[in-house]
Structures are given as C-alpha cells and as structure tokens.
Amino acid sequence: MKVAVVMGSISDMPVMQEAIDILKSFGIETETDIVSAHRTPEKLFDFSQNAHKKGIAVIIAGAGGAAHLPGMVASMSPLPVIGVPVKSSNSIDGWDSVLSILQMPGGVPVATVALNGGKNAGILAAQIIGSHDANVQQQIVAYKESLKAAVNESSKKLRK
Ligand code: RP5
C-alpha cells in the first residue's frame with residue numbers, strides 16, 4: 001500500500017519532503033505530485049476521486065495560505081486525509097493555513113498536524129498503515145524506542 005503526498009505548489013516541497021523521507025525510512029512507497037486546488041481544480045477532482053483505486057491507502061496533503069487542498073481532497077476521497085499546514089510566502093504567519101485545514105465541517109475530517117509538520121504527517125500515515133501491517137508497526141515501535149534513547153542520552157550528558 002502506498003501513501004500519496006500531494007501539495008499545492010512546488011514551494012511546499014521542503015516541508016513535504018520530510019513526510020516522504022520518514023515514510024521511505026519505514027519502507028513505505030510514496031507517490032508525490034503537485035495538485036493545486038486553485039490553479040488545477042480539474043486535477044484535484046481527478047486525483048481525489050481515483051486515489052483509492054490505485055493502491056493508495058492514505059493521502060497526505062499540504063498547502064499554505066488559503067489552504068483548500070486537504071479539505072477538498074477529503075470531500076471527495078474515501079481515504080484518510082492528513083493535512084499539513086505550510087507557512088508559505090503568501091501566509092499570515094501560517095494561521096490562515098492552520099485554520100483552513102483544521103476547521104473542517106462535521107462529516108469531512110482532515111487529520112491536521114502542526115504548522116510545517118511534514119515529518120509528523122509521515123509518521124501518522126505510517127501508523128495508519130501499521131494498524132494492519134505488522135512489519136510497519138514494528139518499525140514504529142522501534143522508532144519510538146529510538147526517540148526515548150535519544151532523550152535518555154541527552155539527559156545523561158546534561159547530568160554529567
Ligand atoms: C498555496 O499557495 C500553495 O500550497 C503554497 O503554499 C502557496 C504559495 O504558492 P506559490 O505562489 O509559492 O506557488 O496554494
């Protein structure tokens with residue numbers, strides 16, 4: 001099963017690359033594309049209505065400013081959609097993007113991560129896949145152990 005990583009503009013790529021990188025580290029295949037809600041609306045419809053027919057299990061969608069991409073994808077796709085608010089050049093401190101991705105109406109959820117939270121979006125997508133893939137879930141367990149080990153190591157150094 002693949003994770004689709006879509007974004008409104010190539011300018012979102014540095015944030016979205018973090019999702020791709022962590023998914024690759026878990027051995028999860030990704031499919032990446034630019035799908036702009038405002039500039040390529042026909043592509044948005046086609047992508048959202050067909051992603052689940054192409055072996056995609058989860059969609060990560062990132063956008064900045066008036067960020068309609070994640071919500072519009074969620075309105076048409078039966079797949080879980082993880083939204084990544086991006087602090088873009090046209091953004092008012094990122095709040096516009098955070099609120100337009102977060103504040104979805106009842107019935108159309110978007111699991112919204114933090115501003116520029118590409119990495120967490122990738123981890124969440126892996127956790128969704130891990131709920132029915134024991135190998136991926138084991139890697140999540142190991143990843144969490146590595147977080148714990150890193151903190152314990154810092155703590156040890158600090159207290160020396
Ligand atoms: C949004 O507008 C994109 O997702 C991007 O974050 C922002 C700015 O786009 P560009 O003008 O950099 O292409 O739709």
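Structure values in brief
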read-out: Matching residues in segment 79-128 - criterion: being touching a residue at least 40 places away in the same chain (Cβ under 8 Å), open to solvent by 10 Å² or more (accessible area, probe 1.4 Å), closer than 18 Å to Ile56 by Cβ and assigned to a helix (DSSP H, G or I); value: Ile123, Leu124, Ile128
read-out: Hey, Pro14 at pLDDT 95 or above, over 23 Å from Val136 (Cα atoms) and assigned to a helix (DSSP H, G or I) or not; value: yes
read-out: Residue in segment 8-17 that is open to solvent by less than 10 Å² (accessible area, probe 1.4 Å) and in contact with a helix residue (DSSP H, G or I) (Cβ under 8 Å, 6 or more places away or on another chain) present; value: yes
read-out: Test: Gly122 is away from the ligand (no atom under 16 Å from the Cβ) and either within 17 Å of Ala4 (Cα to Cα) or β-branched (Val, Ile, Thr) (or both); value: yes
read-out: Residue match in segment 53-75 (condition: of a type in the set (D, E, K, R), surrounded by fewer than 18 Cβ atoms within 10 Å (Cβ to Cβ) and out of contact with any strand residue (DSSP E or B) (no Cβ under 7 Å at 6 or more places or on another chain)); value: yes
read-out: Residue in segment 57-65 that is farther than 19 Å from Val15 by Cβ and assigned to a helix (DSSP H, G or I) present; value: no
read-out: Residue match in segment 9-32 (condition: within 15 Å of the ligand (Cβ to nearest atom), in contact with a Phe, Trp or Tyr (Cβ under 9 Å, 6 or more places away or on another chain) and under 21 Å from Ser97 (Cβ atoms)); value: no
read-out: Identity of the residue in segment 129-138, of a type outside the set (Val, Ile, Thr) and in a helix (DSSP H, G or I), that ends up surrounded by the most Cβ atoms within 10 Å (Cβ to Cβ); value: Gly130
read-out: Residues located in segment 39-87, provided they are near the ligand (Cβ under 9 Å from one of its atoms) and small (Gly, Ala, Ser); value: Gly62, Ala63, Gly64, Gly65, Ala66, Ala67
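The values are calculated or read from the model by the stated rules, or taken from the named source; none is laboratory data. Please read all numbers here as calculations on a predicted model, not as lab measurements. When we count neighbours, we look across all protein chains shown, and the Cβ atoms used for this are built from the backbone with ideal geometry, even at glycine. For the accessible areas, the whole protein counts, side chains as well, though only heavy atoms, and no ligand, DNA or RNA atoms are used. Shrake-Rupley method; radii C 1.70, N 1.55, O 1.52, S 1.80 Å.
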